[in-house]
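Here is the structure we will look at.
No value in this document is a laboratory result; all are computed from the given coordinates. Treat the numbers as computed from the prediction; the structure is a model and nothing was measured. Backbone-built Cβ (ideal geometry, glycine too); neighbour counts: all protein chains shown.
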Amino acid sequence: LLLEKGNFQRDPLFYPAANPEFISSQDFTDGIFGKGRRLSAPEIISISVNLKKSIMAKTLSIAFSQVAQSKKVRKFLEESENTADKQIQAFSKIMHADNLPVPRSWETEVTISTDSPFSDKLMLYHIGFLFQTAQAYHGTGLASAMRTDLITTYEGTILKNLMITKKWFNIMVKNKWLEQPPLAPNRKEIAKEQ
């Protein structure tokens, strides 16, 4: 559908060398104290995926904050929007430094409607899912990063995501909106019953 509408955004293209190249210096990992090297293909892919995810989280946070019924939910959605925006800025800055394209934002696609098509519970569930899923994406990015500046950016992003996810969890629990998943059997309690 995105291709059909002309809205599909490809990730940056790579032009591999004709022959394999090998790392020849410890400077390969330096991104803070040295000149820094260009981003590697795995790093670009991870940043690009994380940017797309953050753009989606920001856009949904804006849209949902316009229609949420609860003031606390609206306040949380504004915080999640700000968190996603800071992530977009941090990763965009890194991409721009290597003259690489950044995925376009979707904020202008949000209408001015204030009529909610969804419950606050469902909207919060989606935002929580995005931020929890982001942890896996950021963890993958951290694992593929070999530049120190990328590592610190990912670590900061993961910590901020944990803080926003904690606030999300508290709202969900307070409103009894979060179903508990099945737990492992409590073998000690079962043994006492015998």
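Things to note:
- Only helices enter the 222 nm calculation for the chain: every DSSP H run of n ≥ 4 contributes -39,500 (n - 2.57), and dividing by all residues gives -20500 deg cm²/dmol, rounded to 500.
- Cα long-axis angle, helix 41-67 against the chain (0 to 90 degrees, to the nearest 10): 40
- Exposure proxy ranking, count of Cβ atoms within 10 Å, fewest first, for L142, L3: L3, L142
- Gyration tensor over alpha-carbon atoms, the chain, equivalent ellipsoid semi-axes in Å: 35, 26, 15
- Each peptide in 60-73, 154-167, 108-121 receives the mean, over its residues, of other Cβ atoms within 10 Å, and ordering these scores from highest gives 60-73, 154-167, 108-121.
- Normalised by the number of residues in the stretch 38-178, the average gap of Cα pairs under 8 Å and 6 or more apart makes the relative contact order 32 percent.
- Here's the list of lysines a cross-link from K5 could span, going by alpha-carbon distance under 21 Å and ignoring same-chain residues fewer than 8 apart: K52, K53.
- Crossing angle, helix 71-97 versus the chain [Cα axis fit, 0-90 degrees, rounded to tens]: 10
- When the charge dipole of the stretch 38-178 is built from unit charges on Cβ atoms (+1 for Lys and Arg, -1 for Asp and Glu) and taken about the Cα centre, the candidate among L124, P42, N175 whose Cα reaches farthest toward its positive end is N175.
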